[in-house]
Amino acid sequence: GRADASLRAPRIVLSTPSVTPGNAAAERAGSLNLDATLIDIDGGAAIRGFADTVLTARDLRIADNVEAPGAVLDVEGRLLMQAAQVYPATGAKATSRATDAIRIERNGEAETPLSAAGSLTLEAPRIAQNGVLRAPFGQIVLKAGESVTLGAGSITSVSGDGLVPVS
């Protein structure tokens, strides 16, 4: 059967080893929809059993923590990230991985994040970048087995423009 799950809150923090619908042995079906102003992937999470995982936020931030150096959002199926911007926390080694495809779509506008020297890696057979990926003074890597598409108007930036140094 189809497993659909939705959660809406001002802030959602994913720091769990695994999010799985009740019947994990079943083939992938349905969707997991998370909607917040800020979605924090803190140390990483594995999402299993859904055909589609949709993260909708103004800011989607991926941070590692002491227990989990190198944050990984590991999604079975297709991952759609709808955000004003997707970025790693300061100094974080952040990875988003999906078994089928990753699509980034723009959801509003945001200032350059107060983040620096992080790395953001996206890994999937197919990646469609139609949104905003930022890693100020850091690194962005798109790893695709089949195709990477950079849509018109998409921003993939490691620029620090817009960050104000603290004196």
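The values are calculated or read from the model by the stated rules, or taken from the named source; none is laboratory data. Computed from a prediction, not measured in an experiment: that's the story for all the values here. Here Cβ is always computed from backbone atoms with ideal geometry, including for glycine, and neighbour counts include all displayed protein chains. Ligands, DNA and RNA are stripped out before the accessible areas are found, and what is left, the full protein with its side chains, is counted by its heavy atoms. Shrake-Rupley method; radii C 1.70, N 1.55, O 1.52, S 1.80 Å.
Could you please give the count of residues in the range 142-159 that are over 18 Å from the mean Cα position of the chain (by Cα) and buried (at least 16 other Cβ atoms within 10 Å of the Cβ)?
Of the residues in the range 142-159, the ones over 18 Å from the mean Cα position of the chain (by Cα) are 145-147, 152-153, 159.
Checking the rest, the ones that are also buried (at least 16 other Cβ atoms within 10 Å of the Cβ) come to none.
Of the residues in that region, 0 qualify.
Can you tell me which residue is surrounded by the most Cβ atoms within 10 Å (Cβ to Cβ) among those in the range 50-77 that are of a type in the set (A, V, I, L, M, F, W, C) and not in a strand (DSSP E or B)?
PHE50
Scan the range 118-136 and give yes if some residue there is surrounded by fewer than 16 Cβ atoms within 10 Å (Cβ to Cβ) and outside any strand (DSSP E or B), otherwise no.
Within the range 118-136 (the criterion being surrounded by fewer than 16 Cβ atoms within 10 Å (Cβ to Cβ) and outside any strand (DSSP E or B)), the answer is no, since none of the residues qualifies.
Select from the range 78-94 the residues that are of a type in the set (S, T, N, Q), under 20 Å from ASP35 (Cα atoms) and open to solvent by 10 Å² or more (accessible area, probe 1.4 Å) and list them in ascending order. So that I can check it myself, show each step before the final result.
Residues of the range 78-94 of a type in the set (S, T, N, Q): 82, 85, 90.
This time we only want the ones that are under 20 Å from ASP35 (Cα atoms), so: 82, 85.
Of everything in the range 78-94, just one residue is of a type in the set (S, T, N, Q), under 20 Å from ASP35 (Cα atoms) and open to solvent by 10 Å² or more (accessible area, probe 1.4 Å), namely GLN82.
Regarding GLY49, is this residue touching a Pro at 6+ places or on another chain (Cβ under 7 Å), at pLDDT below 90 and at positive phi? Talk me through it step by step, then tell me what you get.
Values: touching a Pro at 6+ places or on another chain (Cβ under 7 Å): yes; at pLDDT below 90: yes; at positive phi: yes.
Yes.
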